[in-house]
Amino acid sequence: MNATLFGFHNSYARLPEHFFARLSPTPVSDPRLVRINEDLAVRLKLDPAFLGSPEGVQILAGNRVPGDAEPLAMAYAGFQFGGWVPQLGDGRAILLGELADRDGVRHDVQLKGCGRTPFSRNGDGRAVLGPVLREYIVGEAMHALGVPTTRALAVVTTGEQVLREHSLPGAVLTRVAQSHIRVGTFQFFAARQDINALRLLADHVIDRHYPDARKSARPYLALLDAVVDAQAALVASWKLIGFIHGVMNTDNTSICGETIDYGPCAFMDTYYPGMVYSSIDQGGRYAYGNQAPIAHWNLAGFAQTLIPLIDSDAAQSLEMAQEIINTFPAKFEVAYNAGVREKLGFQSSKAEDPLLMADLLTIMADHQADFTLVFRRLCLVKTDNSSADGVVRALFDDPAAFDQWAARWRVRLGDEVNGKSGRQQRMLAANPAYIPRNHRVEEVIRAAEDHGDFAPFEKLHRVLQKPYDEQESDIEYQRPPRPEEIVQATFCGT
Ligand code: AMP
Ligand code: MG
């Protein structure tokens, strides 16, 4: 590989100049490699050995810019916790360019934590090692779990301290996304009534992510429909694995339907629908159980930005957009219920299935059961009798509550037209054994930030690469936190 050329495309840099600010990353004093994601590098047709070389590390730290990159910080706006913020933008991230992967799909390559930009407001443009490792661990775990997500290509430390509540080690994350265009990117131009920019942005997104929309008689309405589909599927997949994003602001809502911006995110241990970890989410706006209605609200905001493009008659546009937005709850239910059937081992679909799931969740909440382990251990019980139910029963503080539910579940399994064969294998592929439990992520961060020890990071990352494959040696990573290990709150760390 030529040392200075990555093979970047720069389609976003071809958009009008007020879409972004052109600038290079701010160099750091002593960059050191923490990790290269070799699999992802190879997918992107990059040479992992080069990325990990002294010259590669200079690039990943922002000290050198590849010859074919056109670095820029993207402008966007957004609703944060329901309040309008007209100007956000990449305050500490710089897009280097776009790379086609082995299948020809283009991805943004962005350095996060690489210095101030015109959008930094009061921020220092830097990222702290701990949250960078969290983004790496959780993002790659999500990918392995089959959830659409931005990914981490590399982490380097900067050799510089970053001042938060304490002085903490700085780091740069190389983030890869199908694109970093957000609902908030559209809202930035809509608020300025810049219809021309909106059209260019929408056309860019259609070309890049939703080319089929072009074939529709109303491409911008088809775009809305496709984004609604993608977000419904995404948020359903979060719900099915107990994931709480934590900051579902419109600037953190990706147009291509990937999970983006791993800040105070968390996986639930004990099931509780109102669960909130984020220290900044005082009102519980982004609680686990609110995520679908919030995605719906965010999409309504997206729809509003498209009104001037859909039809020249605004009333007509609004009516058509509203009709699409109204489909969100049903689309979400379809995606969620399909996942529920997989989790419970059903191949057929019955009207009673959503209630069966809801009732299981209710008894889990009432009896303090661990979300991930209940489903995982349900894979292991016997289909015809309850003799092996002990492993699941033990997860409820009143096991009898589970017994009644299990009897109903067995009756339902008996209705399966194709019989019960393969049930266990199918369930094991739908119910992970390993999730990035908060206490484990915390352990990784503490070891790295306090002691420069990356062994726990490497270990947790390795375990989470195969979340559905149980390894005897990794059994400890399935364990929920002990009372003294429970993480009560998570922080953005920005
Ligand atoms: P977030 O809450 O991480 O999604 O970020 C919200 C906004 O704050 C975005 O515009 C970020 O670019 C910006 N931001 C977050 N952290 C920093 C930082 N350390 N320096 C500058 N801008 C930041
Ligand atoms: Mg953000």
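The values are calculated or read from the model by the stated rules, or taken from the named source; none is laboratory data. Keep in mind that this is a model prediction, so the values were computed, not measured. Using ideal geometry, Cβ is built from the backbone for each residue, glycine included, and neighbour counts are taken over all protein chains shown. Just so you know, the surface numbers come from the protein's heavy atoms only, side chains and all, with ligands and any DNA or RNA stripped out. Shrake-Rupley method; radii C 1.70, N 1.55, O 1.52, S 1.80 Å.
Summary of values
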| item | result |
| --- | --- |
| Solvent-accessible ranking of HIS107, HIS18, largest area first, probe 1.4 Å | HIS18, HIS107 |
| Mean Cβ neighbour count within 10 Å, used as a protection proxy, ranking 337-345, 87-95 highest first | 87-95, 337-345 |
| Backbone HN-Hα couplings from phi across segment 380-386 [Karplus 6.51/-1.76/1.60, Hz, Gly and Pro as x] | 8, 6, 7, 6, 9, 8, 9 |
| Segment 1-54-segment 149-181 distance, computed between alpha-carbon centres (Å) | 13 Å |
| The chain: angle of helix 328-344 to the longest principal axis, Cα-based, in degrees nearest 10 | 50 degrees |
| Local net charge near MET320, Cβ-Cβ under 9 Å (Lys/Arg +1, Asp/Glu -1) | -2 |
| Ordering of 243-250, 114-121 by packing [mean C-beta count within 10 Å, highest first] | 243-250, 114-121 |
| Highest to lowest packing among 23-35, 66-78, scored as the average C-beta count within 10 Å | 66-78, 23-35 |
| Largest to smallest accessible area among TYR220, TYR272, TYR434, TYR468 [probe 1.4 Å] | TYR272, TYR468, TYR220, TYR434 |
| Shape of segment 2-177, Cα gyration tensor, a/c cut at 1.5 | rounded |
